[in-house]
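Visitor: My questions will all concern the structure given below.
The values are calculated or read from the model by the stated rules, or taken from the named source; none is laboratory data. For clarity, every value in this text was computed on a predicted model and none was experimentally measured. Backbone-built Cβ (ideal geometry, glycine too); neighbour counts: all protein chains shown. Please note that ligands, DNA and RNA were not included when accessible areas were found on the heavy atoms of the full protein model with its side chains. Shrake-Rupley method; radii C 1.70, N 1.55, O 1.52, S 1.80 Å.
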Amino acid sequence: MQEILQVTISGLATGAIYAMVAMGFTLLWQTTSTINFAQGEFVMLPAFLMLGGIVVLDLPLAVAFVGALLISAALLGAAFKRAIIDPMIRHGVLPLAIATIGLTLALKNGVKAIYGAEAHPFPHPFPVEIWRVLGVAFSSYDIAVIASVAAVVFALNRFLNGTMTGRSMQAVAQNPEAAVVLGIDVKRLILYTFVVNAALAAAAALLVTPVYLFKFDLGESLGLKAFYAAIIGGFNQMRGALVGGLIVGVLENLSAVYFAPAYKDAVALGLFVLVILFRPEGLLGREEARRV
Amino acid sequence: MTLPTLSRANVAALAFIVAMTAGLLAAPLFLKTYGVYLLSLWALNTVAAIGLNLTLGYAGQISLGQAAFLGIGAYAVAILMKAGVSFWLGLPAGVLLAFAVGLALGFPALRVQHHYLAFATLGFNALVFLVIRNEEWLTGGNFGIRVARPELLGHSLRSGIDYYHVCLAVLAVTALLVWLLLRSPWGRAFACLRDNPIRAESLGIDVRSYTLLAFAIGAACAGVAGAFLAPLVNFIDPSPFGLVPSIYLLLMVIIGGPGRFFGPFLGAAIVTLLPEWLRVADVWYLVIFGIFVVALMAFCPGGLLAVPEKVAAMRAARRSARGSAAGQAGARP
């Protein structure tokens, strides 16, 4: 029983990170129908930038993080939207998705060319200790990760529901045409969603890299898990991405300990297949109307 | 079946096929062993890409699991040959297995559109890779399986050039079968599906079963390619059947031109052969390749074979713009 609790808590920590990446993913899908295959690399690149700041420029982690966050927001948020999404969006979903696959190749191999294929250690942003409460051992790092993601989700929620800009962003996501009619500057708000996505990915990078170590293919499995989390929870719902991420994280961890560690990475796939067979709109999703 | 009329386009296509065949048959005269090996690899990649083109180009669905089907074909042959079964019995077994798995995977994934199949196939590929790597008793895991070259009518195919001819024959037969398929009423329903799925549905075409069959036939093509790949390399391990090879197979179709018959030929040539010529670029090659893909999607999402049409359309647009500008200037008093 105590062991199950421990495994669940560390699964929640992993799941919280999946959820953060998945939320950005659903944001892009909602506003521009972009399926961003490079989402995992959007986590890898800020991790690489942070490591560069720490190793080359000898910066403290906090400063490196802020720097990486800003560069990410500019490069993977604004520039990504202007240079790749804007010119391609009129071609439809498929070329855009393929372009993000091309971007994945370029980013991953660029970092590999610069920094090699080895795994590099990455400093922990929070202390790592084992806490014992009533015989259950927790890692302080897992708790800190869960708390950080909760704080980010809370802040994002306040921003989306409590501010004019945030509410306009939701309007754009729900119905772009109506948003234009209401006088919302749709283009600018879509840009914001890209910046928010890049920022979420950078925050995920800070939390996940110390655990996975830095490597050029860091984003590969992370991006995939985020997709699954988003679809399991409901592709058109931010809440769905959050729930989907947590479910995937916990079940993955439980199956690694109690079932088959070698097939841990297949858990998300299994859930995904079940969801699209029995509830294609996702656990919390709404059905999307098809446009002729 | 009526014979195609000899229109200019048909004559051009026929001349192109003859020239390509002659070039491919003559190529080993100018190449060393490795060059012949690369061309054999190109032929098999083209077979797999032709299959993927059915899914992507004609049924309009992204599949990122083609390398897994390649792996199913390759491992079926390798495992059966290890058990003493002839290659020529292993081949149909591998192809049938790939087809059946394609049906089983496509059935849930095609309930929903686009991105779902992409992720379902991506995850499926990851799963197949895990099985190949983990189930050492069956697949040899990371140690792989040695595969001997088969015999054909008592003639050993151990020489590189002989096996190259086999690969070319496989390509020719697959291409011919797919061409016949696309010309049949069934294939025309396919094209209709690609151009306007909703109209296809309203015309009574069962979109789901057509898409599913397209996907499963595409998987079977990959099974064929995989079955011949194992003896080509003489050894198989999990690495050529992971996610990255699947992405390359997808890009072959995209770069050549999805939905175009010769697209996979060109795309496979670019993805298989170009890196060998551009060895100087070394690690940066894939970076340049990635940027090239992004640029192609921005300027000509129809692939390289669509570039001439695109250029012609741009010229026509410029000419008509100039014409109307001149007309306006002339009208001015």
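Visitor: May I ask you to verify whether residue A:182 is among the aliphatic types (A, V, I, L, M) and either closer than 19 Å to residue A:73 by Cβ or open to solvent by 50 Å² or more (accessible area, probe 1.4 Å) (or both)?
Guide: Yes, satisfied.
Visitor: Moving to a separate point now. Identify all residues within the stretch A:158-174 that are surrounded by 12 or more Cβ atoms within 10 Å (Cβ to Cβ) and not in a helix (DSSP H, G or I); write none if there are none.
Guide: none
Visitor: Sort out which residues of the stretch B:152-166 are touching a residue at least 12 places away in the same chain (Cβ under 8 Å) and in a strand (DSSP E or B), and write them in order of number.
Guide: B:152
Visitor: Looking at A:39, A:30 in this structure, which one is of a type outside the set (Asp, Glu) and in contact with a Phe, Trp or Tyr (Cβ under 6 Å, 6 or more places away or on another chain)?
Guide: Working: A:30 fails: in contact with a Phe, Trp or Tyr (Cβ under 6 Å, 6 or more places away or on another chain).
Going through A:39, A:30 in turn, just one is of a type outside the set (Asp, Glu) and in contact with a Phe, Trp or Tyr (Cβ under 6 Å, 6 or more places away or on another chain): A:39.
Visitor: OK, next. Which of the numbered conditions does residue A:155 fail, given that it passes all the others? Conditions: (1) open to solvent by less than 30 Å² (accessible area, probe 1.4 Å); (2) away from every other protein chain (no Cβ under 14 Å); (3) not aromatic (Phe, Trp, Tyr).
Guide: That leaves (1) as the condition not met.
Visitor: OK, next. List every residue pair whose Cβ atoms sit under 6 Å apart, with the two residues 6 or more apart in sequence or on different chains, where the first one lies in the stretch B:290-306 and is facing chain A (nearest Cβ under 7 Å) and the second, anywhere, is β-branched (Val, Ile, Thr).
Guide: Final answer for the pair search is B:297/A:98.
Visitor: Scan the stretch B:185-217 for residues that are free of Cβ contacts under 8 Å to residues at least 24 places away in the same chain, small (Gly, Ala, Ser) and open to solvent by 20 Å² or more (accessible area, probe 1.4 Å) and report the count.
Guide: Counting residues in the stretch B:185-217 that are free of Cβ contacts under 8 Å to residues at least 24 places away in the same chain, small (Gly, Ala, Ser) and open to solvent by 20 Å² or more (accessible area, probe 1.4 Å) gives 3.
Visitor: Give the residues of the stretch A:21-62 that are outside any helix (DSSP H, G or I) and touching a helix residue (DSSP H, G or I) at 6+ places or on another chain (Cβ under 7 Å), sorted by residue number. Walk me through how you get there before you give the answer.
Guide: Taking the stretch A:21-62 as the starting set, the residues that turn out to be outside any helix (DSSP H, G or I) are A:33-38, A:56-60.
Correct list: A:33, A:34, A:35, A:36, A:37, A:38, A:59.
Visitor: If you don't mind, there's one more thing I want to ask. Suppose we keep only residues that are open to solvent by 60 Å² or more (accessible area, probe 1.4 Å) and without any contact (Cβ under 8 Å) to a residue 24 or more places away in the chain within the stretch B:128-150. Which one would you say is farthest from the other protein chains (Cβ to nearest Cβ)?
Guide: B:137
Visitor: Could you look through the stretch A:82-114, keep only residues that are more than 15 Å from residue B:251 (Cβ to Cβ) and at pLDDT 90 or above, and pick out the one that is surrounded by the most Cβ atoms within 10 Å (Cβ to Cβ)?
Guide: A:111
Visitor: Does residue B:93 qualify as being away from every other protein chain (no Cβ under 11 Å), surrounded by fewer than 18 Cβ atoms within 10 Å (Cβ to Cβ) and in a helix (DSSP H, G or I)?
Guide: On the way: away from every other protein chain (no Cβ under 11 Å): yes; surrounded by fewer than 18 Cβ atoms within 10 Å (Cβ to Cβ): yes; in a helix (DSSP H, G or I): yes.
So residue B:93 passes the test.
Visitor: How many of the residues making up the stretch A:244-285 are touching a residue at least 60 places away in the same chain (Cβ under 8 Å) and in contact with a Phe, Trp or Tyr (Cβ under 7 Å, 6 or more places away or on another chain)?
Guide: 3
Visitor: Something else now. Quick check: anything in the stretch B:210-221 modelled with pLDDT under 85 and away from chain A (no Cβ under 14 Å)? So that I can check it myself, show each step before the final result.
Guide: So the first thing to find is which residues in the stretch B:210-221 are modelled with pLDDT under 85, and the list is B:210-211.
Now restrict to residues that are away from chain A (no Cβ under 14 Å): B:210-211.
Within the stretch B:210-221 (the criterion being modelled with pLDDT under 85 and away from chain A (no Cβ under 14 Å)), the answer is yes, since at least one residue qualifies.
Visitor: Could you please let me know if residue A:256 is of a type in the set (Gly, Ala, Ser), open to solvent by 10 Å² or more (accessible area, probe 1.4 Å) and facing another protein chain (nearest Cβ under 9 Å)?
Guide: no
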